[in-house]
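The values are calculated or read from the model by the stated rules, or taken from the named source; none is laboratory data. All figures in this text were calculated on a predicted structure; none of them were measured in a lab. Neighbour counts are summed over all protein chains in view; Cβ atoms, including those assigned to glycine, are modelled from backbone coordinates with ideal geometry.
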Amino acid sequence: MSMPSEAPHRVVDKILDGLLEGIKGAGEAIANGLDQAPLKSKGPHRGVDALLDGIVDTPKTLGQGIAAALDKPLEAVR
């Protein structure tokens, strides 16, 4: 039996990363819209956007670590 070209946990990781990137993109679009307000890009919405970006990046980093750990047993089999 041959191994699939990409491990299932890597496929799941890519899907979740895509969803998280979509959330970041939506947040950036909202922040860009609020840049039209009187304070422009100096408004408090930019701080909130940066905070939300950090919150979104955390599960991506964690997921990458989990996926890398799951790669180790597969590498031993190959």
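Here are the numbers:
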read-out: Among residues of region 1-49, those that are under 18 Å from L62 (Cβ atoms) and either of a type in the set (A, V, I, L, M) or in contact with a Cys (Cβ under 9 Å, 6 or more places away or on another chain) (or both), counted; value: 8
read-out: The lone exception for E6 - which of (1) surrounded by 13 or more Cβ atoms within 10 Å (Cβ to Cβ); (2) charged (D, E, K, R); (3) part of a loop (DSSP other than H, G, I, E, B) it fails; value: (1)
read-out: Boolean, A76 is of a type in the set (G, A, S), surrounded by 12 or more Cβ atoms within 10 Å (Cβ to Cβ) and at pLDDT below 95; value: no
read-out: In region 24-46, residue nearest to the chain's Cα centre (by Cα) [restricted to those that are closer than 28 Å to I66 by Cα and surrounded by fewer than 14 Cβ atoms within 10 Å (Cβ to Cβ)]; value: G25
read-out: Looking only at region 47-77, and only at residues there that are within 24 Å of L34 (Cβ to Cβ) and among the hydrophobic types (A, V, I, L, M, F, W, C), the one that is nearest to the chain's Cα centre (by Cα); value: V56
read-out: Residue match in region 9-31 (condition: in a loop (DSSP other than H, G, I, E, B) and at negative phi); value: no
